[in-house]
1. Looking at (1) among the β-branched types (Val, Ile, Thr); (2) closer than 20 Å to residue 302 by Cβ; (3) part of a helix (DSSP H, G or I), find the lone condition where residue 55 falls short.
2. Pick from 380, 426: which is of a type in the set (Lys, Arg), loosely packed, with under 12 Cβ neighbours inside 10 Å and within 25 Å of residue 213 (Cβ to Cβ)?
3. Since residue 304 meets every condition but one in (1) surrounded by 15 or more Cβ atoms within 10 Å (Cβ to Cβ); (2) at positive phi, which condition does it not meet?
4. Might you check whether a residue that is closer than 27 Å to residue 411 by Cα and outside any helix (DSSP H, G or I) occurs anywhere in the range 5-22?
5. For the range 200-249, which residues satisfy the criterion of being among the basic types (Lys, Arg) and more than 30 Å from residue 337 (Cβ to Cβ)?
6. Within the range 295-313, is even one residue without any contact (Cβ under 8 Å) to a residue 60 or more places away in the chain, over 22 Å from the mean Cα position of the chain (by Cα), assigned to a strand (DSSP E or B) and under 19 Å from residue 122 (Cα atoms)?
7. If you go through the range 23-52 one residue at a time, how many are within 19 Å of the chain's Cα centre (by Cα) and assigned to a helix (DSSP H, G or I)?
8. Taking the range 395-423 as the search range and keeping residues that are among the small types (Gly, Ala, Ser) and surrounded by 17 or more Cβ atoms within 10 Å (Cβ to Cβ), which one is nearest to residue 353 (Cα to Cα)?
Amino acid sequence: MAGYDFDLFVIGGGSGGVRCARIAAGHGARVGVAEGRHWGGTCVNVGCVPKKIMVQAAEYGQWIEDAAAFGWTGATKGEHDWSVLREARDREVARLSGLYRRMLEGAGATVFENNATFVDAHTLQVGEQRVTAEKIVIAVGGHPIRPDLPGVECGLISDDLFTLEKRPERAVVIGGGYIGVEFACLLHGLGVDVRLTYRQKLPLRGFDQEIREALAEALAANGIQVHAGQKIESLGAAGDGRIVTLASGQLLEGDVVFLAVGREPATKNLGLEAAGVAVDDKGAVRVDADQRTSQAHIFAIGDVTDRVNLTPVATAVGHALADTLFGGGPRHASFDNVPKAVFSAPPIGSVGLTEEEAAERGPTEVYVTRFNPMRHTITKRAGRRALMKLLVDAETRVILGAHMLGEDAPEILQGVAVAVVNGLTKEQFDRTIGIHPTAAEEFVTLRSPARRVGDPQAAETEEAA
C-alpha cells in the first residue's frame, strides 16, 4: 500500500462515509475523504435533522392549542415566525455539519472540500488534484427525483424546503412516501393549507396495511386535504402560484408544489465506467454481502447501493466495513429487522415483519389495540388515536413484528426493536411489568389475539363458516 497516496479514500462525507473514514483512520489507515457539497450529507443538511426540527416546531403549535384544556387560560397560539425557525434550524445544521468535518480531522483523516471522480480504478480527480488509493469507498448517497412531467420545473424538490425564505400559505405535496407524508404534516402544523396527493390508495407503501389505513384516517382528521389514488397530469404556473392538474381533471392550487416521489442514487458524473464499477438499471452501485463492487478493491455503502436507505444503516455498514478492512475483525451489519420511523402527525414506529409478510411465512397471531391517549381524552383533539400491534409466530411464539402509530411511537419502538431483533417471545413480553400510565405499557399487556393469519386450515374453516 505504500505505493498509493492513501490506504483508503472515501467519496462522500455523509453519515456512512464519515463513519467509515473515521473508524478506518482510528485503526491506523491513511484515509482521505472528499465532499463537495456539505459535511454530514443529506441527513444533517437537507433531511433528518432539519426536518425533525421543523416537526418539533409544528408540535409546539398543537401543544399551545391543547393547553387550555388543562387550565392554561393565558396560552394563545399567535402567529408563527418562519424566520426565527429558519435561523435556529440553520444554526444547528451548521453546527452539526462542522462537527462531522472536525471529527474526521481529529481522527487523522485528510479532508478534501471537493467532489471526487474516478480517473481509473485506483486514481481519483479531486478538484485540481489527483490522488491514488489502494481501497476506495463510494458513499455519495442519493438525491430527489424530478419526475418526467410537463411543467415539472414549477415544482420544488425536498431539499428546497430548507431554503424557503418565508412560509407559503398554500402547498401541494406530491407523493405518499416518508417525505411526502412528513412534509404534509409539518407544513400543516406550521399553519400552511396543505393538499397531499399520491398514486396509491393509501400512503406509505411497504408499511403494515393497518398502520397505513390508520395514518390515512389521521391525515384527514387533522385537516390535511388528501387526494389518494391520483395520477399527476402536469404542473403549471398561475402568476405567483402553482397548479397541479390531476389525471381526473381536478386542479390543485398552491403557492408551492413539493415533489416527493422518491430518490435515486447519485452515481452520475462519478466516472464509474472509468473504474469498471457496475451499476443496476436504476443507477445503484451493485455490491455483494461484503459491500464489494465489481472491482474487488472498491466498495459502496449507504443510499448509493439502494438497499435499506436509512442513515443508521449507512453508519452501521460503514463502521463494519472499516473494521473488516483495517481492524482485523471481519463483520457485517445486519439488514434484518431494521427499525424505522415516520415523523408524521401522529408519528409511526415499526420493526420486523408487516402482518402481510408474516402471513406469507405461516400461522401468525395478530395482537392489536386502538385507543385515545390519556392526554387527548382531555384535549378532545381529533386525529390522535393510537394503534399498536404485535405479530407473533403461532408456533414458536417469537415476536415477528411490532408497529405503532401514535405519539412517541419512534421513541417507544426503539426499545421494542431490541426485543424483536433478539428474538424474544410473546410470553417474555407478558412477563414484563408495564410502566403505568403510559402508552408503551400496551405492548406488554396485549392478552388476546385479534385474529390469526397465514394459517390455511383456519382460512378454510372460516370460509366454510
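The values are calculated or read from the model by the stated rules, or taken from the named source; none is laboratory data. Fair warning: this is a prediction, and the values are worked out from it, not measured in the lab. Cβ atoms come from the backbone with ideal geometry, glycine included; neighbour counts cover every protein chain shown.
1. Going through (1) among the β-branched types (Val, Ile, Thr); (2) closer than 20 Å to residue 302 by Cβ; (3) part of a helix (DSSP H, G or I) one by one, residue 55 breaks only (2).
2. Being of a type in the set (Lys, Arg), loosely packed, with under 12 Cβ neighbours inside 10 Å and within 25 Å of residue 213 (Cβ to Cβ) holds for just one of 380, 426, which is 380.
3. If we test residue 304 against (1) surrounded by 15 or more Cβ atoms within 10 Å (Cβ to Cβ); (2) at positive phi, just (2) comes out false.
4. Yes: one or more hits.
5. Passing the criteria: 231, 242.
6. No, the conditions are met nowhere in the range 295-313.
7. 11
8. Among those residues, the one meeting the criterion is 401.
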